[in-house]
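Encoded as structure tokens, the structure appears first; notes follow it.
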Amino acid sequence: AASWRAREWLGFPGLVEGGLADLTVYPQDPRRDLTVVRTPSRIILRGQVLR
């Protein structure tokens with residue numbers, strides 16, 4: 001929910017085809033164990049895979 005509100009606050013639309021979207025993937029659900037955010041399994045920033 002914080003991500004959607006931040007996008008709106010920054011003036012960006014929601015998810016739309018061809019729109020900007022950065023992505024972080026975690027091996028487990030960070031809502032259950034916040035320590036997993038230290039070791040993402042995949043990061044995509046501006047269309048480039050960083051990890």
So for the chain, averaging the separation of alpha carbon pairs under 8 Å that are six or more residues apart and normalising by length, what relative contact order in percent results?
28 percent
If Leu15, Leu23 are ordered by their accessible area, calculated over protein heavy atoms with a 1.4 Å probe, which sequence runs from highest to lowest?
Leu15, Leu23
Which of (i) 12.4; (ii) 11.4; (iii) 12.1 is the computed Kirkwood radius over Cα pairs in Å for the structure on display?
(i)
Tell me the accessible surface of Leu20 in square angstrom (1.4 angstrom probe, heavy atoms of protein chains only), to the nearest ten.
120 Å²
From largest accessible area down, sort Asp22, Asp33; use a 1.4 Å probe on the protein chains.
Asp22, Asp33
Full-extension gain in nm, Arg32 to Leu45, via 0.36 nm per residue minus C-alpha separation
2.2 nm
Can you give me the solvent accessible area of Thr35 with a 1.4 Å probe, rounded to the nearest 10 Å²?
70 Å²
Per residue, how much accessible surface does the range 12-51 expose to a 1.4 Å probe? Answer in Å², no decimals.
91 Å²
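The values are calculated or read from the model by the stated rules, or taken from the named source; none is laboratory data. These numbers were taken from a predicted model, which means no experiment stands behind them. These area figures cover heavy atoms from the full protein model, side chains too; ligands, DNA and RNA do not enter into them. Shrake-Rupley method; radii C 1.70, N 1.55, O 1.52, S 1.80 Å.
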